Amino acid sequence: MAMPTPITDDQVISLVPRCQRGDQAAVETLYMLYADRIYRYLLARVGDAEQAADLTTEVFVRMIERLPGFWLNRQRPAASFSAWLYRIAGNLAVDYHRRRERLEHVSLEAEPTLPATDPDPDVVAEHHESAQRLAQALQALSEDQRLVIIGKFVEEMSNSEVAAWLGKTEGAVKSLQHRALQALGRLLRITEGI
Amino acid sequence: MMNVAEILDECLARLRRGETVGDCLARYPDQAAELAPMLEAAAQLRGLAAHRLSPAQRLAGQMVLRAALARRTSRRSAADWLFRPVQWMGWPALAAAVALCLFVVLSVGAVAASRPGDLTYSVRVMVERAPLLVIFDADARASAELYLAERRLADVQQALQHSRSADATALRALIRSAEAAAGAAGGLAEAERLQVAARIEEHVTQLERLAATVGEPAAARSLVETARQARAIAVQLRAEKPPALDPQRPAPTETAVPSFTPTSALTATPQPEATATLTPETTPVRSHGSPVPQPSRDATTTRRPDLRPRQTEPRPPVSSVTPLQPGAPITPTIRPTHMMPTPSATRRVGPTAVPQPATVAPQPTAEPPPGIATRRPEPTAGPPATAQPRPTEGPGDPGGRPPDITPGPPPEPRPTRRGG
């Protein structure tokens, strides 16, 4: 499994002002850099591949609309922009769950799905259930715990990278990771009936 | 001794390097029960790292973004305009401008809300005088100064209620406004001047009442002293002489006609005998059979001695009435046919048929016959000075009224109307 290429401060300092001026090439470059990351984050949050893809596009549409008012922190440009983008994604995930809760009162048709990479229906069904349980468990975490889990297991960052990204110490990251995994393990075992 | 968080972190690193969950749990048998669910959850999470957007999803996303970017560039949102000053000025300059605006607003608020004793009260007093800089009319200026004086008086009352002290700034400002009001009123008519003086005296009364009720001796002394100064201003204003009449102004008829006095002289010193004897021969109108002397154009053309005072030379009434001493030559003048401005005036002057030069009596008017003379108005009921002919309608005035109504005394004199 290839580690995602880290995004440097220089890239962000170069791209964000151009995006604020409406440079289409810069917007597309930013999209290419962050799209998969945001997609994985949203997939973990909503547990549905199609919905995660749509929400990913929506995150970047909102980025275009709100970028003129974004103030880039020159001390930690990549971390501040990434945090801002993940905050937009997190708000959209919350909105998604609210809408879904309302819809569940009306219809039971909606079934979140993971990408059907395996033709075996049993495997596909197992993936669906697993993703659903994971997304529900992640919903129970705090935002900091969620971001540490995303950074460590989805983005495969080191502790120091996550610490720099979130503006925390490595010790705090380890502690957050411990509490998050503790909660996730407990929740997953409950939902799996173990 | 590692805590669970550190053991977990080390196990996660081993899992990343390829070890299994069982291997990790075997390394830490004491913590295995606690680590197992966490490592299983981590293994599920690691599966997410393999997911990526498909090329089709990526392309669709790019198309949506291009459309969104085109919308944004076509319609400049309000936020762009809102942040444009930031681009021009930069954040520090914008913050300084906002801070300056806040300072100005707060300062104005503090000055407007200041009370006697506050640091900003002097500023408030000064600012409230600013409108006077553009008031040039004396009447309006006096009113504005009196209004300010009343505001200062209210401030003094407020200070007495709150701190039991008479604020010196307010008292000084009060006296200043009173002085300025008096100065502005000096150029006004007497009635207006007296009104200003009366309002200043009202302030004096209020100051004295406050001085009587305040418990603090120092405050009472200040109030009494201020009342004394204000009273002096009012007294001086009352004592001022009325300003000289503006020659440009139309002079009141009453004051400009000193020739009223002849009437009073005539009425005060009635000599009925003389007038009764003179009248038959004097008035040519009467010679035509009219019981009442009727002036006419003919009469105006005849030169007769004129006993009426000349309007162009106001003189004391006595001198105007008694220029002709017995035996003195009478200078005939053209009869003032045009000098009777109103019927009322003519009535009082009466039959001005002048005695003939041959007659000795220098009486100003020839009285009607006895029957008519009885209807002559009594001196007490005589018209006041206001009814006298105006100087502008004096002898020789071509614009004067026709004389046909002048000499005839009306049967019913109406002194009340003329006296009004």
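The values are calculated or read from the model by the stated rules, or taken from the named source; none is laboratory data. Because the structure is a prediction, the values reported are computed rather than measured. Cβ sites come from the backbone with ideal geometry, for glycine too, and all protein chains shown count toward neighbours. Accessible surface is based on the protein model in full, side chains and every heavy atom, while ligands, DNA and RNA are left aside. Shrake-Rupley method; radii C 1.70, N 1.55, O 1.52, S 1.80 Å.
Answer yes if at least one residue in region A:151-168 is outside any loop (DSSP other than H, G, I, E, B), touching a residue at least 40 places away in the same chain (Cβ under 8 Å), within 12 Å of chain B (Cβ to nearest Cβ) and closer than 16 Å to residue B:42 by Cα, and no otherwise.
Within region A:151-168, one or more residues are outside any loop (DSSP other than H, G, I, E, B), touching a residue at least 40 places away in the same chain (Cβ under 8 Å), within 12 Å of chain B (Cβ to nearest Cβ) and closer than 16 Å to residue B:42 by Cα.
Of everything in region A:174-194 that's part of a helix (DSSP H, G or I) and β-branched (Val, Ile, Thr), which residue is modelled with the highest pLDDT?
Applying the filter and picking the extreme gives A:190.
Go through region B:42-77 and give me each residue that's outside any helix (DSSP H, G or I) and open to solvent by less than 50 Å² (accessible area, probe 1.4 Å).
Selection gives B:51, B:53, B:54, B:77.
Got at least one residue in region A:123-132 being of a type in the set (S, T, N, Q) and at pLDDT below 70?
Checking region A:123-132: not a single residue is of a type in the set (S, T, N, Q) and at pLDDT below 70.
Can you tell me which of A:93, A:44, A:35 is open to solvent by less than 30 Å² (accessible area, probe 1.4 Å) and within 17 Å of residue B:69 (Cα to Cα)?
None of the other options fit; the residue is A:35.
Go through region B:110-130 residue by residue and tally those that are at pLDDT 85 or above and in a helix (DSSP H, G or I).
Selection size over region B:110-130: 9.
Assigned to a helix (DSSP H, G or I), modelled with pLDDT under 90 and open to solvent by 20 Å² or more (accessible area, probe 1.4 Å) - does that describe any residue in region B:170-177?
Checking region B:170-177: not a single residue is assigned to a helix (DSSP H, G or I), modelled with pLDDT under 90 and open to solvent by 20 Å² or more (accessible area, probe 1.4 Å).
Of all residues being in a helix (DSSP H, G or I), exposed (fewer than 15 other Cβ atoms within 10 Å of the Cβ) and not charged (D, E, K, R) in region B:5-31, which is nearest to the other protein chains (Cβ to nearest Cβ)? Just the residue, please.
Within region B:5-31, the match that is nearest to the other protein chains (Cβ to nearest Cβ) is B:13.
Tell me whether region B:138-159 contains one or more residues that are touching a residue at least 60 places away in the same chain (Cβ under 8 Å) and open to solvent by less than 70 Å² (accessible area, probe 1.4 Å). It would help to see each step written out before you state the result.
Looking only at region B:138-159, we keep the residues that are touching a residue at least 60 places away in the same chain (Cβ under 8 Å), and these are B:156.
Filter again for open to solvent by less than 70 Å² (accessible area, probe 1.4 Å), leaving B:156.
Taking every residue of region B:138-159 in turn, at least one turns out to be touching a residue at least 60 places away in the same chain (Cβ under 8 Å) and open to solvent by less than 70 Å² (accessible area, probe 1.4 Å).
If I filter region A:147-194 down to residues being under 20 Å from residue B:36 (Cα atoms) and among the basic types (Lys, Arg), which single residue comes out as most open to solvent (accessible area, probe 1.4 Å)?
Per the criteria, the residue is A:186.
Only one of (1) open to solvent by 10 Å² or more (accessible area, probe 1.4 Å); (2) touching a Gly at 6+ places or on another chain (Cβ under 9 Å); (3) within 26 Å of residue A:134 (Cβ to Cβ) is not met by residue A:80, so which one is it?
Of the numbered conditions (1) open to solvent by 10 Å² or more (accessible area, probe 1.4 Å); (2) touching a Gly at 6+ places or on another chain (Cβ under 9 Å); (3) within 26 Å of residue A:134 (Cβ to Cβ), the odd one out for residue A:80 is (3).
Taking the conditions exactly as written (closer than 26 Å to residue A:49 by Cα, facing another protein chain (nearest Cβ under 9 Å) and not aromatic (Phe, Trp, Tyr)), does residue B:36 satisfy them or not? Break it down stepwise before answering.
On the way: closer than 26 Å to residue A:49 by Cα: no; facing another protein chain (nearest Cβ under 9 Å): yes; not aromatic (Phe, Trp, Tyr): yes.
So residue B:36 fails the test.
Which helices (runs of 4 or more DSSP H) does region A:1-92 wholly contain that include 1 or more residues that are within 13 Å of another protein chain (Cβ to nearest Cβ), aromatic (Phe, Trp, Tyr) and touching a helix residue (DSSP H, G or I) at 6+ places or on another chain (Cβ under 8 Å)?
Ranges flagged: A:24-46, A:49-66.
For region B:189-229, enumerate the residues that are open to solvent by 20 Å² or more (accessible area, probe 1.4 Å) and within 24 Å of the chain's Cα centre (by Cα).
B:189, B:190, B:191, B:192, B:194, B:195, B:198, B:199, B:201, B:202, B:205, B:206
Yes or no: residue B:211 modelled with pLDDT of 80 or more, within 19 Å of residue B:143 (Cα to Cα) and part of a helix (DSSP H, G or I)?
Considered against the rule, which asks whether it is modelled with pLDDT of 80 or more, within 19 Å of residue B:143 (Cα to Cα) and part of a helix (DSSP H, G or I), residue B:211 comes out as no.
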